1. Which residue fluctuates most in the GNM of chain B (Cα springs below 10 Å): B:305, B:254, B:161?
2. Over the Cα atoms of the range A:196-320, how large are the radius of gyration and the largest Cα-Cα distance (Dmax), in Å?
3. Just counting partner chain Cβ atoms within 10 Å, what average do the residues of peptide B:152-158 show around their Cβ?
4. Quick one: putting +1 on the C-beta of Lys and Arg, -1 on the C-beta of Asp and Glu, what dipole do you get for the range B:78-196 around its Cα centre, in Debye to the nearest 20?
5. What do you get for trypsin sites (Lys or Arg not before Pro) in the range A:239-301 restricted to DSSP loop and a cutoff of at most 16 other Cβ within 10 Å of the site's Cβ?
6. Compute the length gained on full extension between residue B:288 and residue B:13: take 0.36 nm times their separation in residues and subtract their Cα-Cα distance, giving the result in nm to one decimal.
7. Along the charge dipole of chain A, which of A:131, A:65, A:235 sits closest to the positive end, that is, farthest toward it, with unit charges on the beta carbon of Lys, Arg, Asp and Glu (+1, +1, -1, -1)?
8. Amide H of residue A:290: which non-local residues (sequence gap of 5 or more, or other chain) have their own amide H closer than 5 Å, using H built in the peptide plane?
Amino acid sequence: MRTMTYAEGIREGMRKKMMDDPNVLLFGEDVGKFGGCFGVSAGMFDEFGDRRVRDTPISEGAIIGAAVGSAACGLRPIAELMFMDFATVGMDQIVNQAAKLRYMTGGKITLPMVIRLPEGGGVSAAAQHSQSLEAWLAHVPGLKVVYPSNAQDAYGLMVTAIEDDNPVIFIENKTLYAVKSEVEDELKAVPFGKACVKKEGTDVTIITYGKQVLDAMKAAEALAKDGINAEVVDLRSLYPLDKETIFKSVEKTHKVVVVSEEVKRGAFSGEIASLIAEECFYECDAPIKRVGALNTPVPFSMGLENYMLPNDKDIEATVKSLF
Amino acid sequence: MKISNEQLKEMYLTMLKIRKFETRAMDKFAEGKIPGFVHLYLGEEAVATGACANLRKDDYITSTHRGHGHIIAKGGELNYMMAELFGKEDGYCRGKGGSMHIADASKGILGANGIVGAGHNIAAGAGLAIQYKGTDQVCVCFFGDASTNQSTFHEGLNLASIWKLPVVFVCENNGYGISVSQARHQAITDVSVRATAYNMPGVTVDGNDVFAVYEAVGEAVARARKGQGPTLIECKTYRFRGHFEGDPTVYRPSGELEAWLKKDPIPRMENYLKENNVITEEEIKKMNADVDKMIDDANAFADNSKVPALESALEDVYTDIVEEGRIR
């Protein structure tokens, strides 16, 4: 065992596949010499050169469009948008092109491409640099959506994302980049559609992903002191979704809290809650609860932002409300 | 301009194929055989023909909602095209795309597209793949005058020019963005002036003169193959039909269509071929009969093809996942 940061996990995943496959390349705003806005691609420009690690103009439509076009012609591009919020500028290329070209052409076009989207608040970046918009993307047939919570999964999901023959949305959390976690000596790929039970428990299931896995673990620790044994499920992959692990856990604990950093209205957490309501309602002996951000844009000032975003205390309180 | 007689005849044949395919599509739409929206290429045949005559099978094109002409000129199969327009299982897209989404990767056709301006960035991406692999292929990006007001036009041209990508941007300026005339949608007359902003050559040619298009695109393709970067070519043309079938075209000034019909690119090419003894009247008759038969065959193929099995709606979303259907 050794430790690695989340950013290093992502980087090692990209490096591994770039070493394996000459058709893999990375492009985006400032990913080159600058090493990426958050330093995720640091050193890759020097290692692989400007042919394979390319700075683009600030032109999100062109970044995603170039990924679509080059993937259609045999490359396996990794396109980085500096902040997930900027996906709005390239949304046609994500939603109408990348997600749909295969379907609309009856399978005549294959798009093996990865779109990296750093999301989330907690860094006083205000409303245009802090959003969690995974529900928009998980909503669109044709996209796969994954979201690691730790270095090992960041590596493993990145490797799988690059190897996948479909457009993959790879969501990263900005506040996790510097967080270290334990990794195996030999890093392995993580399959899509397999959730990870981070902590086994018997009394309640906390279903979450990304940064909120850390909050949920903290909450579970506090709850244990009050005699509540929570199970924490890290989805890792929003689509394909590991329904089996979700249902198995609900059948065991009979209580569910779904947690994400999203604005609660229309959130992906609602999809999980409705899925449980539809498919295993009779296993639940309490209402399915959700924890999310308040229904406002993300505010700038630290106190306001902390108030708006969910934290471990909110999870703890919500779980306790079920007992 | 050096074009062999054989190639001239081939180009003429392509023009006829587009004209007759589109005329048949127009009739079948009116009959109710073709659902949805159909945007016909009638009148613009010289652009696709002149441009694609410079391309190899391994070159790429991106197309538009008005894409039948581009696809035929790049070698698309009439049978599969017509079957797709009919929404049948033997159609190019197995009945899932229709008129606006025909693609054939084996022929470098990266797809017609229903979003105005979507092709600019995709073509830049194709250019990136070509440059990355170090081949001498090119990508021709077809688009209309109205799409040059989309951000994608500027993004795609900018990326292609800074990276010197082998892309030829071919603007079909037919004077309208749906019902809005060019004078009302942009404050320039020649789209080609926009090339200046991206430091690439920009030329305007008569888009109803197949030789002018051939020559301009040929030069651009040669530059692109040599790694000298992109070019913007504007082809001034006109669509003989409305934006879509069913468009009453009330926005056209009277006499405009009639004036353009006099500049029909097909009789123009035919006259040239006859005057220069490239082709005889008899050959023209035979070619017309041959193409009529091709269109009849495509029509019959489409008629005889089955409607897609309902479960096929679930396929081709992903390479490896098929979602659950419903029981009805």
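The values are calculated or read from the model by the stated rules, or taken from the named source; none is laboratory data. Values in this document were obtained by computation on a predicted structure and should not be read as measured data. FYI the Cβ positions are ideal-geometry reconstructions off the backbone, even for glycines, and counts take in every protein chain you see. The accessibility values were calculated without ligands, DNA or RNA, using every heavy atom of the protein model including side chains. Shrake-Rupley method; radii C 1.70, N 1.55, O 1.52, S 1.80 Å.
1. Largest GNM mean-square fluctuation: B:254.
2. Reported Rg and Dmax, both Å: 13.8, 43.
3. Working: counts 7, 0, 3, 13, 6, 1, 4.
Mean shielding count: 5.
4. Numbers: 8 positive and 9 negative charges, 33 e Å.
Computed charge dipole of the range B:78-196: roughly 160 debye.
5. Values: sites: A:243, A:248, A:252, A:255, A:264, A:265, A:289, A:290; in loops: A:255, A:264, A:265.
Passing both the DSSP loop test and the Cβ count: A:264, A:265.
6. On the way: separation 275, 0.36 × 275 = 99.00 nm, distance 0.82 nm.
The span from residue B:288 to residue B:13 would gain 98.2 nm if fully extended.
7. A:65
8. It is A:258, by chain and number.
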